[in-house]
Structure formats: C-alpha cells, structure tokens
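The values are calculated or read from the model by the stated rules, or taken from the named source; none is laboratory data. Everything numeric in this text was worked out from a predicted model, so none of it was measured. Here Cβ is always computed from backbone atoms with ideal geometry, including for glycine, and neighbour counts include all displayed protein chains.
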Amino acid sequence: MLGKVLKYDFKYMGKMLIPLYAITIGLSLLTRLFYMLADKYSIFEVLSFFTNISGIALMVASLVFTLITVIKRFYTNLFKEEGYLTNVLPVKLNTHILSKLISALVFNIFGVLAVVGSLAIMYWSVELAESIRAILDTFGEFIPYILLYMVLALQESEMLICAAYSLGQTQSKNKIPYAVVFGIVLYSIAQVIAMVGIGILMLTHPNYLELLENMDMGAIRTTMISMNIFPVIDMIMYYLVMRLSLNKKMDLE
C-alpha cells in the first residue's frame, strides 16, 4: 500500500518540482554558453551577468520551493478537503506519513543535486578543477558528509514545520498561532539536543576545540558525523510528534 500512496505523492511533487530543476540546470547551461561566447562578443558579457544572477536566484528558489511543495502536500493531503478522502482510505496513518517523508527525501536529494550540478556547470574551469582536486586530496572524505547534511537540513526543516502544524491541528481554534508556538517549542528542544550533544562531545574529547582549530582530521571527522547525527535525532522526534498528534481527532479545514 505504501507504494500506491508514494505514487500519488511522487506525481504531485514531480509535476511541481522537476520542471523547476530542469529550468535551473538549463539556465546554468545557458550561462555557461554565454561565458564561452563572451570572449568573442562583448554583448554576451552582459547577458552572462544577468543569467548568472538569475541562475543563483533560481538555485535558491529551487530549494525553497522544494520545502514549500513538501509542506503544501502534507497540509492539503491531510488537513484540507482532500483530507476527508485520505482519512477514509484503507491506509494506515503511518503509511501516509512515511510516504510524505520518503517522497520529500527523494526530491530533497534531487534539489541538492540540481543546485550542485548547476554550480558545476556554471563555474567549472581548469583552475577551479585544480583547486577542487587540491581540496579533495585533503578533505575529500568529508564531501559526502556535507552533501548529506544539506539534504538532512532541508528534510529537518520540512519535518519541523509539518510537526508543528500537526500539533496546531489538535486545537479547536487558532490553529496557525498554536502551530507557530509549537514550532518554536520544537525548535528550542532541537537546540537543547544539539547543545547536550556538543557538551557530551566536549566532555569525552577535552582537547576537541584545540584539535579543531589545528585542523586535526579526527576532530573534523567527529564534527561532520555529529552534524549529521543531530538532524536525524530531531527528525525522529518530529516523526513521533506527527504520528501522535495525527492519531488524535482533528477538525479538517
């Protein structure tokens, strides 16, 4: 049953986001072409400037719109008129939640890859390749951690908003104000979790800050791993909040 629910979530998000990702990559290709032509025709220097600015703005918009689309799907499918149909389907609540989270994760990955790919297309050069190669020789093992963190950070933000809205829906009145308050509370709890984690890290590694300042590879590796662990802990909390709050009877909008 999860596969059937995923099919509709993928279809909804795909028709909204895939064209945006394609346009983002297409604009980066156009910018690259203008860069190549700028050496021969000065007009393309001006055009490349505008497409470059537009490309950066579109990359940011791609990630922001991904977040908005995920939240909108969660909201309309579970709480608006569509929610009446969703609630009468012979599908477990957990299946609906997992479908939203899995589809969100997939498109978060697509969004990050679209942005990274667009940046590579626009700014790739021999000099940049040499600089990147030098960085990779030293810090190459950390690139997957950074890319993973980008995906997890986007997923965590989406789940925070969805969890807060789920809690807000348990109230009979002033749902949005309550959702904002619950969101602040959940965010504060997440910050406390991070502070506790950092405190534990400092206690178990007394020289951690000193090693980090000296660019110690072990300290950097520990930092990268921690950066990806904290969002996972937060997302588990948000998932449990969504599941518990959605199990309660809610007034659909």
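Descriptive notes on the structure:
- Residues of the stretch 201-229 that turn out to be among the hydrophobic types (A, V, I, L, M, F, W, C), in contact (Cβ under 8 Å) with a residue 40 or more places away in the chain and in contact with a helix residue (DSSP H, G or I) (Cβ under 6 Å, 6 or more places away or on another chain), as a count: 2
- Odd one out for T51, checked against (1) modelled with pLDDT under 80; (2) more than 30 Å from L105 (Cβ to Cβ); (3) in contact with a helix residue (DSSP H, G or I) (Cβ under 7 Å, 6 or more places away or on another chain): (1)
- In this structure, G55 does satisfy being closer than 13 Å to A114 by Cβ, out of contact with any Phe, Trp or Tyr (no Cβ under 8 Å at 6 or more places or on another chain) and part of a helix (DSSP H, G or I).
- When the helices (runs of 4 or more DSSP H) confined to the stretch 92-175 are screened for residues that are of a type in the set (F, W, Y) and not assigned by TED's automatic domain parsing to the domain that holds A38, those reaching at least 2 such residues are found at 143-168.
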